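The values are calculated or read from the model by the stated rules, or taken from the named source; none is laboratory data. The shown structure was predicted, so the numbers you read here are calculated from the model rather than taken from an experiment. For neighbour counting, all protein chains shown are included, and Cβ atoms are generated from backbone atoms with ideal geometry for every residue, glycine included.
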């Protein structure tokens, strides 16, 4: 189990797994969400080589953002603030200088 800070760094969450196993995210008071291996691979393929908004808004993430993709493809729950740090920790992306964008590896 890994413990990371959310995208904004205001709180912590835990996760286990990786691209080949799928990822289970644990946050808040007993909440959890699963990202399957298929969703994880699709996400990496979709964003490969791109720099996009993180899209952490709970109700209206920016068009084309990671958050919008997650809400349309994985869960309606806003999880970009957890997935962004996981992608960085796993070596798939980096946070850009202004902090509102994520740059995916090619």
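Within segment 3-30, which residues are loosely packed, with under 14 Cβ neighbours inside 10 Å and under 29 Å from residue 98 (Cβ atoms)? Within segment 3-30, 3, 5, 8, 9, 10, 11, 12, 28 meet the criteria.
The rows are residues; the columns are (1) on the phi > 0 side of the Ramachandran plot; (2) modelled with pLDDT of 95 or more; (3) within 13 Å of the chain's Cα centre (by Cα).
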| position | (1), (2), (3) |
| --- | --- |
| 10 | no, no, no |
| 33 | no, yes, yes |
| 50 | no, yes, no |
| 97 | no, no, no |
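If you check residue 64 against the conditions, is it assigned to a loop (DSSP other than H, G, I, E, B) and closer than 18 Å to residue 21 by Cβ? When the stated conditions are applied, residue 64 does not pass them.
Looking across 57, 65, one residue alone is without any contact (Cβ under 8 Å) to a residue 60 or more places away in the chain, surrounded by 13 or more Cβ atoms within 10 Å (Cβ to Cβ) and out of contact with any strand residue (DSSP E or B) (no Cβ under 7 Å at 6 or more places or on another chain). It is 57. Among the residues making up segment 87-106, a single one is closer than 26 Å to residue 22 by Cβ, free of Cβ contacts under 8 Å to residues at least 24 places away in the same chain and loosely packed, with under 14 Cβ neighbours inside 10 Å: 91.
Can you report the number of residues in segment 68-81 which are buried (at least 21 other Cβ atoms within 10 Å of the Cβ) and over 19 Å from residue 105 (Cβ atoms)?
Number satisfying all stated conditions: 3.
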